[in-house]
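> Structure provided below as structure tokens; questions to follow.
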Amino acid sequence: MEPVLIVLVVLVVVAFIALIKTIQVIPQASAAIVERFGRYTRTLNAGLNIVVPFIDRVRNRIDLREQVVPFPPQPVITQDNLVVNIDTVIYYQVTDPRAATYEVASYIQAIEQLTVTTLRNIIGSMDLESTLTSREVINAGLRGVLDEATGKWGIRVNRVELKAIEPPTSIQDSMEKQMRADRDKRAAILTAEGQRQAQILKAEGEKQADVLRAEGEAQAAVLRADGEAAAIRTVFEAIHDGDADQKLLAYQYLQTLPELAKGDSNKLWIIPSEVGDALKGLGGAFTGLTGNGGVNGGAIAAPSVPQAAPAATQVPIDPASGPRPVDTDKGSARPRVDPTREYPKIDPE
């Protein structure tokens, strides 16, 4: 009884193990390669799959999702013989699990080596400046070469990115100095342009201010002249309406004479010729006052002025004949002059 029980237990265990090996559950976005007696039989897709236990063998499971693989920095020589370290990142996806399993031993390593060789070929034909400024060109070149080479491996390269390009330290220092010099140059140019614009604006402002000031002064002069003309016109009309006589005008004229002598720089005082006329007018006024016996009906008596004796007339004397007789005919005290005789000259002093 016991041997039969042991056999039954062994059969149950073998059946359980066979059941487990028969049922294969493949997760989503994955695939499995099945071999029978070491030969490729089929590819298991996502879901529940049945295989022959102890005959079929699942070799490996492949992830069908897009993979991201960063590669370590690789030294690359540029066209101008400068060594730069370039970090790359590859985005790929397995499209054929069978080809990825049997066409290449390790597609990750194969992609890395192909990326390094392709990158050196592309960078070797470019100088440092082009390398630093042409990342899109490098990415497109890498992707084209890798996609073509990995197609038979069941791999599709979606993107290739250059993560970092590191030139040598000396080149970095030179580039920093050059960039600093360029920035200083641009700053100096911008400063000079700003100063130039400021000076132009300042000059334009001063010009406009001068123009406005001149216009203001011109308008002020015009208004001042108009005011003076109006004042003169008013005074003239007042004098004309008041019917001022010549005596009052002469008195006002004499009152303005002291204004001519004002000022510290006046060295010479020129009296106009009209002063004599003004004095004659005043003299006539005082004479009239005196003749009337006073001012305002005799309120103020004018002082009597003594009459000066008539000046004696000098008669020319002839030393030989003596003084000539004076012709007093018709009340004249002027001597008679003989035009045929010569008389001595008399000094007017």
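> Considering only residues that are part of a helix (DSSP H, G or I), over 47 Å from the mean Cα position of the chain (by Cα) and among the polar types (S, T, N, Q), which ones fall in region 113-164?
Gln113, Thr115, Thr117, Thr118, Asn121, Thr150
> On to the next question. From the list Tyr107, Tyr91, which residue is modelled with pLDDT under 90, aromatic (Phe, Trp, Tyr) and farther than 22 Å from Glu176 by Cα?
Only one candidate qualifies: Tyr107.
> Turning to a different aspect of this structure: Could you please find all residues in region 60-82 being surrounded by 14 or more Cβ atoms within 10 Å (Cβ to Cβ) and in a strand (DSSP E or B)?
Arg61, Ile62, Gln67, Phe71, Pro73, Gln74, Val76
Rundown of residues vs (1) free of Cβ contacts under 8 Å to residues at least 24 places away in the same chain; (2) under 27 Å from Gly144 (Cα atoms); (3) among the hydroxyl-bearing types (Ser, Thr, Tyr), yes/no style:
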residue: Val13; (1), (2), (3): yes, no, no
residue: Phe54; (1), (2), (3): no, no, no
residue: Val58; (1), (2), (3): no, no, no
residue: Phe71; (1), (2), (3): no, yes, no
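> Oh, and also: In region 28-57, what residues are surrounded by 16 or more Cβ atoms within 10 Å (Cβ to Cβ) and assigned to a loop (DSSP other than H, G, I, E, B)?
Val51, Pro53
> What's the number of the condition Val25 fails, among (1) under 23 Å from Glu112 (Cβ atoms); (2) out of contact with any helix residue (DSSP H, G or I) (no Cβ under 9 Å at 6 or more places or on another chain); (3) not charged (D, E, K, R)?
(1)
> Can I ask one more? Check region 14-21 and report whether any residue there is more than 28 Å from Arg156 (Cα to Cα) and either of a type in the set (D, E, K, R) or part of a loop (DSSP other than H, G, I, E, B) (or both).
Checked region 14-21: at least one residue is more than 28 Å from Arg156 (Cα to Cα) and either of a type in the set (D, E, K, R) or part of a loop (DSSP other than H, G, I, E, B) (or both).
> Which ones in region 133-164 are among the hydrophobic types (A, V, I, L, M, F, W, C) and surrounded by 15 or more Cβ atoms within 10 Å (Cβ to Cβ)?
Once the filter is applied, which keeps residues that are among the hydrophobic types (A, V, I, L, M, F, W, C) and surrounded by 15 or more Cβ atoms within 10 Å (Cβ to Cβ), region 133-164 yields Ile138, Leu142, Val145, Leu146, Ala149, Trp153, Ile155, Val157, Val160, Leu162.
The values are calculated or read from the model by the stated rules, or taken from the named source; none is laboratory data. Being a predicted model, the structure only gives us computed values, none of them experimental. Note that each Cβ is placed from the backbone with ideal geometry, even for glycine, and that neighbours are counted across all protein chains shown.
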